[in-house]
Every structure is written in structure tokens, then in C-alpha cells.
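Right, one structure below, let's go through it.
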Amino acid sequence: MAQKTDHLTFDDPTTRHPRVSPPEQDQPMPGLDAELDPPADRGETSYRGTGRLQGRRALITGGDSGIGGAVAIAYAREGADVAINYLPDEQEDADRIRELVEAEGRTCVQLPGDVTNKETCERLVEQAVERLGGLDALVVNAGKQVTSPSIEEISDEQFDLTVKTNVYAMFWICRAAVKHLGAGSTIVLSSSVQAYSPSEHLLDYAMTKSAMNTFGKGLAKQLAPRGVRVNVVAPGPVWTPLQVVQGQPKEAIPEFGLGQPLGRAGQPVELAPAYVFLASPESSYVVGETLNVNGGADSP
Ligand code: NAD
Ligand code: MG
């Protein structure tokens, strides 16, 4: 009988996931995992939990799809209840994640809402606390990335929305959450390899990601004496809806991630263990770290 493999199986990382060359495609904002071709691996059948987040209560923004979806599945399999935030147009993806979380016997609170609005960010935190009975893990992961060939083509509106989604929302959500986080709680921010290796066509986006890295390090120092740990994950190219809603030039999609030293793009399930580690007590002495999960790209 063939042995069942999962994310804890020892194998060759170059071939663990196929070296896909996705067809050129685009989707209207905000994009759905349900429509991604080929579908991404968020750990539905491949993530195996080992009880590392037993009883934790986590709020995950952008928890409907991609990396955030994989984190929600992994957290549930590690024993956590989760609240996921997403945009109302992403209900289909959010329902799939909820099914997977509930299949583990865990709670999945759905909190649709646009994080470019301050009141929405504050409400999200309050509702997560109320409906999960508290909060001990926050994952700030929602993100906006729009490719623009030239600075002259970045509209004020795009610049504003990118900064609001990636930076202001992070600030508003963290500020609202801090009073609820007791010793042992954690915050994890989704940054990017773009923070220190900006693509010329992602000027505004890359800038927000380095702001996130710096904010994470500073907040980590501020909250460490209270026993609250803040860390950052900086993914490299990962196959998610973000890339096909103008995240990359359309003609670049078939080449996405193929130039990494591992020779392929990452799958969302390969990011989840970093988020699990940083929320679990085994990372108790890891504070203000940026954990790069990027298939071998340079990092500071
Ligand atoms: P994704 O599209 O699956 O997730 C992004 C999520 O952001 C969406 O699902 C959406 O729910 C949320 N979002 C966007 N605008 C929002 C708004 N105004 N209000 C509420 N929610 C909003 O794509 P992903 O790649 O999994 O992205 C997750 C994070 O990872 C992002 O912060 C992204 O910048 C970061 N990242 C991704 C890659 C990659 O290659 N995919 C690389 C580096 C960093
Ligand atoms: Mg989504």
C-alpha cells in the first residue's frame, strides 16, 4: 500500500510540489482561490497538526484564501479556534475555509469587512474577542499588490489603497488588539521578500512591506516586556489569488517563481508552518524576527 504523505514527510523540496507554469489569467479584485488555475495547495489534504496551538484563539486577516487560508487550516489542525476577516466578495472562499476548520471540530468565526476603514478594523478585533472568548494570536495578513510599470502610472487612489490596506490597517488592528493580548500571546505580520528586494513594477507595494518589517521589529521591543511576542513572515513567490488580480504583469504568470533557487513557486501550505511556529510556545525566545520563506532568495 502506498504510504500517505503529508507536510511532515521528508522529501525533495524541489519536487515536493509540482513546478507549475500557470496559464496567463486574471481575475477581478479581490480574486478567488476557487477560480485559481491550477488550484493552490493550502494544506487541505497535506497539513498534519500536532497539537501545537491547543486552545488558542486567533484572528487572521485575509484568512479566506492563499497564505491566510492555509494559516487558518493549519491553526485549526493545531487546535486553535479562528476568526477570519476577508472582503464580502470573497464569501465563497471564506465558506470553504470555514468548512475545513469546522471539520477539525474547531470554531470559525467569519468577519467580512474592508480593512481600509478604521472603524471596521476596530470592530473586527472586538468581534473576534467577543465571539472567540478572547484573543491570543493575531495574524495581520490582508494585503494589496497592484503591478504598475512606471511610477507615473501609480494613481493616487492606488497608492492610497495599497498603503491603507498594508500599513494603516496593520496599525489600526494591532492598536486595537494590544489591550486584549495577555502574556504568551503573539502577533505575526505578513511582509514580503519585496521589503528588501523590490521589483521595479511593485514600487508602492514593496515600500509598504518594508514598513511592516520595521513596525514589527519596533512593536516587538515595545511588547516584549509584557510577554507578547511580535514577529514577521516574509514570503517569496507563492501561488495565490493576489498574483492574478494585477499582482503581476499577466504575461509573467507562466514564469511565476520559476527563477527561485528551488526552481518553483511556493504553495500556501509551505508558509503555514512558519506562522504556526511563531504563534506556538516553542518560539518563546524568538522576538522581532523576520522569518523568510522564499525558496532561496537573498534576505538580509
Ligand atoms: P490572497 O489574495 O489570497 O490574500 C490577500 C487577502 O487580503 C485577500 O484574501 C483579502 O481577503 C485581503 N484583503 C485585501 N484587501 C482587503 C481589504 N481592503 N479589506 C479586507 N481584506 C482585504 O493572497 P496572498 O498571497 O495569500 O496574500 C497574503 C499576504 O501575503 C499579503 O499580505 C501579501 O502581501 C503577502 N505576500 C504574498 C506573496 C505571494 O507571492 N503570494 C509574497 C509575499 C507576501
Ligand atoms: Mg482572498
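The values are calculated or read from the model by the stated rules, or taken from the named source; none is laboratory data. Here the structure is a predicted model, which means the values were calculated and not measured. Methodologically, a virtual Cβ is constructed for each residue, glycine included, from the backbone with ideal geometry; neighbour enumeration extends over all protein chains shown. All accessible areas refer to the heavy atoms of the entire protein, side chains included, with ligands and DNA or RNA removed. Shrake-Rupley method; radii C 1.70, N 1.55, O 1.52, S 1.80 Å.
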Odd one out for S46 among (1) more than 17 Å from the chain's Cα centre (by Cα); (2) crowded, with 24+ Cβ neighbours inside 10 Å: (2)
Residue, farthest from ligand 2 (Cβ to nearest atom), within segment 72-92, restricted to residues that are open to solvent by 10 Å² or more (accessible area, probe 1.4 Å) and assigned to a helix (DSSP H, G or I): R77
Residue tally, condition β-branched (V, I, T), within 18 Å of the chain's Cα centre (by Cα) and outside any loop (DSSP other than H, G, I, E, B), over segment 194-253: 7
Complete set of residues in segment 109-123 that are within 13 Å of L59 (Cβ to Cβ) and within 17 Å of the chain's Cα centre (by Cα): Q110, L111, G113, V115, C121
Residue check for S191: among the hydroxyl-bearing types (S, T, Y), within 17 Å of V293 (Cα to Cα), surrounded by 22 or more Cβ atoms within 10 Å (Cβ to Cβ) and away from ligand 2 (no atom under 16 Å from the Cβ): yes
Neighbours by Cβ (under 8 Å, 6+ apart or cross-chain): first from segment 99-121, farther than 13 Å from G69 by Cα; second in a loop (DSSP other than H, G, I, E, B) and away from ligand 2 (no atom under 16 Å from the Cβ): E104/G49; R106/G79; R106/A80
In segment 140-164, residue farthest from Q246 (Cα to Cα) [restricted to those that are within 16 Å of ligand 2 (Cβ to nearest atom) and assigned to a loop (DSSP other than H, G, I, E, B)]: N141
Some residue of segment 12-35 being over 20 Å from the mean Cα position of the chain (by Cα), surrounded by fewer than 17 Cβ atoms within 10 Å (Cβ to Cβ), more than 16 Å from ligand 2 (Cβ to nearest atom) and among the basic types (K, R): yes
Single unsatisfied condition, R226 versus (1) over 30 Å from S150 (Cβ atoms); (2) within 16 Å of ligand 2 (Cβ to nearest atom); (3) open to solvent by 50 Å² or more (accessible area, probe 1.4 Å): (2)
Check on P268, farther than 22 Å from A211 by Cβ, modelled with pLDDT of 95 or more and not aromatic (F, W, Y): yes
Residue within segment 254-264 that is outside any helix (DSSP H, G or I), open to solvent by 40 Å² or more (accessible area, probe 1.4 Å), out of contact with any Gly (no Cβ under 6 Å at 6 or more places or on another chain) and modelled with pLDDT under 95 present: no
Flag for G113 being modelled with pLDDT of 95 or more and within 16 Å of ligand 1 (Cβ to nearest atom): yes
Residue satisfying all of: in segment 93-139; among the polar types (S, T, N, Q) and part of a helix (DSSP H, G or I); most open to solvent (accessible area, probe 1.4 Å) among these: Q127
All positions within segment 152-176 that are under 18 Å from the mean Cα position of the chain (by Cα) and open to solvent by less than 40 Å² (accessible area, probe 1.4 Å): T162, V163, T165, N166, V167, A169, M170, W172, I173, C174
